[in-house]
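What follows is a single structure, and I will ask about it in a moment.
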Amino acid sequence: MLIKRFSTLVTVMIVIALLAACAPAATQAPDTGGAQPPASGPEKLRVWIEWGDNPAQLQGLFDKYTEKTGIKVEVNAPVEIDKILAALSGSEPPDVIVLSGGDQIKSLAKENVVLQLNDIINSSGIDLNDIFPAPMIQCKQGDKIWCLPWGTDIYALFWNKDLFEDAGLDPNTPPKTMEELVEFADKLTKVDDKGNLIQVGFIPDFSWSHTDLYVRMFGGFWYNDDGTQVTLDSQPMIDALKWQQQFYTKYGVDNVLKFTSALGEYMSPDQGFYAGKIAMMVDGEWQVGPNFISKFKPELNYGVTPFPPPASHPERANTGVVQGTVAFIPAGVKDKEAAGKLFAWMMSPEIIAEEMYANSNLPTSRKASQDPRFKQIKNFDIFINLMASPNATGAITTPINQELSNELGLIEEKVLHAGEEPEPLLKEAQSKFAPMLEEALKGK
Amino acid sequence: MQKMDSVVSQSHGKPVRWSKKTRHNFWLGMAFLAPWSIGFLLFTMYPMGASLIYSFSEYHLRAPLKWIGLTNYINLFQDKLFYTALGNTAYMVVIGVPLTLLLSFFCAILLNLKVPGQSIYRVIYYLPSIVPTIASTMLWLWILNPSSGLMNTLLGLFGIQGPNWLKDPLWAKPSLILLALWGMGGTIIIYLSGLQDVPLSLIEAAQLDGASWWQRLIHITIPMVSPITLFNLITGVIGMFQYFAQAYVFGNTAGSIGSPLNSTLFYSVYLYQTGFLFLKMGYASAMAWILFFIILGCTILLFRVSNRYTYYSG
């Protein structure tokens with residue numbers, strides 16, 4: 001028993017050490033295409049996908065590459081990030097990796113495990129002009145391109161028409177400004193005799209944080225545009241947090257927290273918005289596809305619209321922050337040419353259209369977005385137009401992204417769920433992360 | 001190793017020529033030991049040694065190690081989150097472990113009573129500890145749901161308005177302790193076996209002398225099971241210092257790792273986050289070594305202190 005307990009600690013050490021132990025070549029890894037002499041080409045390529053609700057569908061998609069080229073593609077999905085890290089530090093990484101989001105790509109690039117794609121893009125004829133500029137932001141660092149977006153997400157405002165009607169609002173007119181949204185939210189919020197919330201108009205961090213969208217609406221972000229400076233304590237950041245905070249302070253922080261804790265699972269009919277407990281929510285394009293609202297609450301009478309701008313800045317209408325899946329080639333790949341060819345095939349408009357239609361995600365290719373199948377999904381065009389809007393932007397990422405996002409998450413929690421003032425928290429974080437980013441970029 | 005010791009001791013320290021058979025036996029013994037020894041060297045000693053070196057280095061996934069001396073350790077001692085994590089973990093060790101021991105001992109006494117259906121009760125109390133960790137954590141997240149959960153519904157029957165177990169930083173750790181208490185079947189079983197080893201003769205003698213139930217408990221039962229208490233205490237403390245899975249699931253459900261407000265950011269959780277999410281493997285290795293020494297220190301301390309309070313009848 002004692003030994004067993006000790007062994008858990010030892011295991012943590014082992015995992016860390018093994019990651020490094022894999023680094024020098026030699027060791028295991030039985031069969032990969034890379035082992036073949038380049039002249040004869042690879043027998044098999046490997047693709048690892050971090051998400052993957054439907055591995056069979058993904059394998060089916062890549063089987064088309066086999067039909068076309070005769071090269072087998074083995075798809076592994078979903079794969080946790082720890083396994084991806086271990087593989088990246090090893091001598092036989094998979095040929096292509098698809099991550100759920102671009103937030104870690106620059107930290108990985110700093111670790112020298114990501115292949116710079118500029119050459120492959122030039123030689124394989126991937127048309128960068130076909131890719132929407134907003135989702136590209138997370139992959140670019142100056143001129144360097146570390147990844148390409150492979151289907152992305154953008155968020156909009158969903159509203160429950162029935163609840164609008166009950167509250168005496170026009171069910172077909174969503175709020176046009178952020179101020180109006182606050183007004184509507186008040187009208188849509190109900191309490192019972194004991195003062196418990198039974199319906200809430202809007203909860204800014206439901207189902208997760210959307211500070212990136214709000215801060216863009218206030219005209220800034222937590223990095224400057226080229227990701228070389230931290231701007232955590234900038235006015236838009238303070239405004240974005242304060243704007244969110246009011247939804248908690250007004251109805252009572254404890255009340256709202258109790259209310260949100262009682263909401264059902266994200267993928268269930270009891271999800272707050274589906275269940276008619278939350279009247280307006282910010283959520284992504286997948287909601288309008290077959291696997292969410294129409295699966296769990298087909299009768300829900302709802303509308304979707306781009307999130308409104310502040311009244312003082314109507315020109316910020318159609319602002320959206322694009323995030324989502326990115327694909328990259330590990331630096332340690334043996335047969336870069338073969339990996340590059342597979343990568344280029346993945347980025348072709350037809351394949352993007354097929355994959356994104358299957359998962360109701362936004363196609364990152366302009367040509368793919370014209371695919372008639374997307375028009376069949378009701379309201380999907382709202383999201384495609386949002387991504388194509390000149391106000392659409394990507395989440396700016398840096399090599400210190402994970403740590404900064406983690407801290408920002410904590411600040412949000414303190415401001416929204418504990419009623420703390422945002423300014424001193426942001427200032428403290430600014431003084432911590434500004435030198436950290438400078439240091440990280442110096443090393444690159 | 002044992003084999004070699006016995007060979008040496010037979011020779012009273014003087015070198016002797018081994019017979020062919022002894023030599024054969026020696027190598028045969030070594031061969032039998034080899035799978036474990038090689039595994040131990042390769043998968044325990046080497047990684048531990050390597051992580052010690054990494055803890056003095058800046059570690060990159062695909063670049064040579066950069067020796068930075070004590071920098072990781074110095075940074076660690078200036079890291080606020082390190083103390084938050086250490087504090088959270090200490091809370092679990094100081095409050096969670098004694099509470100578990102006390103309640104397990106109490107349950108073991110009850111389960112030791114000769115009542116009809118005794119074995120059924122024993123099974124019921126042991127069952128939760130065979131439920132997989134993640135499953136039981138998910139289950140408890142439902143039970144502790146502040147509005148629709150079983151716990152607050154039950155408290156509501158008595159007119160008590162239950163707290164927000166999941167999202168209130170004051171209640172997050174007590175929630176996790178509740179979860180730990182639910183799964184204390186293993187500790188109960190060990191106590192139960194200890195209770196059955198308490199000599200009946202002592203209890204009968206005390207009874208004849210007119211000792212009450214309470215006096216027998218304090219002066220006979222508790223001293224007699226003290227080695228079991230020590231064992232449970234040490235394994236409990238070690239386990240709690242490495243507390244991870246439940247906290248990881250709990251935090252992620254409440255928002256993100258460490259939620260609410262870093263109240264569930266335990267040492268191992270922060271170690272994982274540092275190594276695998278922030279990609280600071282050297283720093284994480286330094287954390288692992290500090291944890292190792294903290295656990296070692298606590299264990300030694302407990303052994304030392306326990307000498308005065310532990311009674312070994314054998």
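The values are calculated or read from the model by the stated rules, or taken from the named source; none is laboratory data. None of these values were measured; they are calculated from a predicted model. Every residue, glycine as well, gets a Cβ built from its backbone with ideal geometry; the counts of neighbours run over all protein chains shown.
Looking at the range A:236-284 only, could you name the residues that are assigned to a loop (DSSP other than H, G, I, E, B) and among the polar types (S, T, N, Q)? Steps first, please.
Looking only at the range A:236-284, we keep the residues that are assigned to a loop (DSSP other than H, G, I, E, B), and these are A:252, A:262-277.
Passing the criteria: A:Ser268, A:Gln271.
Report whether or not B:Leu277 is more than 28 Å from B:Cys298 (Cβ to Cβ) and among the hydrophobic types (A, V, I, L, M, F, W, C). Write out each step before concluding.
Details: more than 28 Å from B:Cys298 (Cβ to Cβ): no; among the hydrophobic types (A, V, I, L, M, F, W, C): yes.
So B:Leu277 does not fit the description; no.
While we're looking at this one, here's another question. Which of the residues belonging to the range A:294-346 are over 28 Å from A:Lys277 (Cα atoms), among the basic types (Lys, Arg) and part of a helix (DSSP H, G or I)?
Correct list: A:Arg316, A:Lys336, A:Lys341.
Only one of B:Ser147, B:Ser175 is within 24 Å of A:Val256 (Cα to Cα), of a type in the set (Gly, Ala, Ser) and within 11 Å of another protein chain (Cβ to nearest Cβ). Can you tell me which? Can you show your working first?
Values: B:Ser175 fails: within 11 Å of another protein chain (Cβ to nearest Cβ).
Only one candidate qualifies: B:Ser147.
Report, ordered by the first and then the second residue, all pairs with beta carbons closer than 7 Å, sequence separation of six or more or different chains, a first member in the range A:324-351 that is buried (at least 20 other Cβ atoms within 10 Å of the Cβ), and a second member that is among the acidic types (Asp, Glu) and outside any loop (DSSP other than H, G, I, E, B).
Final answer for the pair search is A:Gly324/A:Asp153.
Suppose the filter is in the same structural domain as B:Leu99 (by TED's automatic domain parsing), assigned to a loop (DSSP other than H, G, I, E, B) and crowded, with 16+ Cβ neighbours inside 10 Å; does B:Val249 pass it? Steps first, please.
Values: in the same structural domain as B:Leu99 (by TED's automatic domain parsing): yes; assigned to a loop (DSSP other than H, G, I, E, B): no; crowded, with 16+ Cβ neighbours inside 10 Å: yes.
Taking the combined requirement at face value, the residue does not satisfy it.
Considering only the range A:306-323, I want to know if a residue exists there that is closer than 30 Å to A:Thr69 by Cβ, in contact (Cβ under 8 Å) with a residue 12 or more places away in the chain and under 24 Å from the mean Cα position of the chain (by Cα).
So the first thing to find is which residues in the range A:306-323 are closer than 30 Å to A:Thr69 by Cβ, and the list is none.
No, there is no match, as no residue in the range A:306-323 is closer than 30 Å to A:Thr69 by Cβ, in contact (Cβ under 8 Å) with a residue 12 or more places away in the chain and under 24 Å from the mean Cα position of the chain (by Cα).
Output the residues belonging to the range B:273-286 that are buried (at least 22 other Cβ atoms within 10 Å of the Cβ) and part of a helix (DSSP H, G or I).
B:Gln273, B:Thr274, B:Gly275, B:Met281, B:Gly282, B:Tyr283, B:Ala284, B:Ser285, B:Ala286
Can you pull out the residues in the range B:290-314 that are within 13 Å of B:Ile238 (Cβ to Cβ) and surrounded by 11 or more Cβ atoms within 10 Å (Cβ to Cβ)?
B:Leu291, B:Phe292, B:Ile294, B:Ile295, B:Leu296, B:Cys298, B:Thr299, B:Leu301, B:Leu302, B:Phe303
Yes or no, residue by residue, for (1) touching a helix residue (DSSP H, G or I) at 6+ places or on another chain (Cβ under 6 Å); (2) surrounded by 22 or more Cβ atoms within 10 Å (Cβ to Cβ); (3) of a type in the set (A, V, I, L, M); (4) at pLDDT 95 or above:
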| position | (1), (2), (3), (4) |
| --- | --- |
| A:Pro133 | no, no, no, no |
| A:Gln138 | yes, yes, no, no |
| A:Asp143 | no, no, no, no |
| A:Cys147 | yes, yes, no, yes |
| A:Trp159 | no, yes, no, yes |
| A:Leu163 | no, yes, yes, yes |
| A:Lys176 | no, no, no, yes |
| A:Ala185 | no, yes, yes, yes |
| A:Leu197 | yes, no, yes, no |
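On to the next question. One residue is enough: does the range B:295-310 have a residue meeting the conditions in contact (Cβ under 8 Å) with a residue 24 or more places away in the chain and within 8 Å of chain A (Cβ to nearest Cβ)?
yes
When the range A:70-86 is examined, which residues are found to be away from chain B (no Cβ under 14 Å) and not in a loop (DSSP other than H, G, I, E, B)?
Initial filter on the range A:70-86 (away from chain B (no Cβ under 14 Å)): A:70-78.
Residues satisfying the conditions are A:Lys72, A:Val73, A:Glu74, A:Val75, A:Asn76.
Still on this structure, I have one more. Taking the condition of being buried (at least 22 other Cβ atoms within 10 Å of the Cβ) and facing chain A (nearest Cβ under 9 Å), how many residues in the range B:150-172 meet it?
5
Another question, then. Does the range A:378-392 contain at least one residue that is closer than 27 Å to A:Ile329 by Cβ, polar (S, T, N, Q) and modelled with pLDDT under 95?
no
Can you say whether A:Val113 is surrounded by 22 or more Cβ atoms within 10 Å (Cβ to Cβ), more than 14 Å from every other protein chain (Cβ to nearest Cβ) and among the β-branched types (Val, Ile, Thr), as far as the supplied structure shows? Write out each step before concluding.
On the way: surrounded by 22 or more Cβ atoms within 10 Å (Cβ to Cβ): yes; more than 14 Å from every other protein chain (Cβ to nearest Cβ): no; among the β-branched types (Val, Ile, Thr): yes.
No: the conditions fail for A:Val113.
Is there any pair linking a residue in the range A:256-283 that is in contact (Cβ under 8 Å) with a residue 40 or more places away in the chain and more than 12 Å from every other protein chain (Cβ to nearest Cβ) to one that is in a helix (DSSP H, G or I) and of a type in the set (Gly, Ala, Ser), with Cβ under 8 Å and at least six apart or on different chains, and which?
Close Cβ pairs satisfying both conditions: A:Ala279/A:Ala185; A:Met280/A:Ala185.
Take the conditions part of a helix (DSSP H, G or I) and either touching a His at 6+ places or on another chain (Cβ under 8 Å) or within 14 Å of chain A (Cβ to nearest Cβ) (or both) and apply them to B:Ser129. Does it pass? Explain how you work it out, then say what you get.
Working: part of a helix (DSSP H, G or I): yes; either touching a His at 6+ places or on another chain (Cβ under 8 Å) or within 14 Å of chain A (Cβ to nearest Cβ) (or both): yes.
Yes; evaluated as a whole, the condition is true for this residue.
Here's a follow-up. Since B:Leu265 meets every condition but one in (1) more than 8 Å from chain A (Cβ to nearest Cβ); (2) of a type in the set (A, V, I, L, M); (3) crowded, with 20+ Cβ neighbours inside 10 Å; (4) part of a helix (DSSP H, G or I), which condition does it not meet?
So B:Leu265 meets the others, but not (4).
So that you can scan it fast, the table gives a plain yes or no per residue for (1) basic (Lys, Arg); (2) touching a residue at least 40 places away in the same chain (Cβ under 8 Å); (3) within 14 Å of chain B (Cβ to nearest Cβ):
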{"site": "A:Lys375", "(1), (2), (3)": "yes, no, no"}
{"site": "A:Phe383", "(1), (2), (3)": "no, yes, no"}
{"site": "A:Pro399", "(1), (2), (3)": "no, yes, yes"}
{"site": "A:Glu407", "(1), (2), (3)": "no, no, yes"}
{"site": "A:Glu420", "(1), (2), (3)": "no, no, yes"}
{"site": "A:Lys427", "(1), (2), (3)": "yes, yes, no"}
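I'm trying to understand the selection: among the residues of the range A:213-235, which are under 22 Å from A:Ile203 (Cα atoms), under 20 Å from the mean Cα position of the chain (by Cα) and either assigned to a loop (DSSP other than H, G, I, E, B) or of a type in the set (Phe, Trp, Tyr) (or both)?
Scanning the range A:213-235 gives A:Tyr214, A:Gly220, A:Phe221, A:Trp222.
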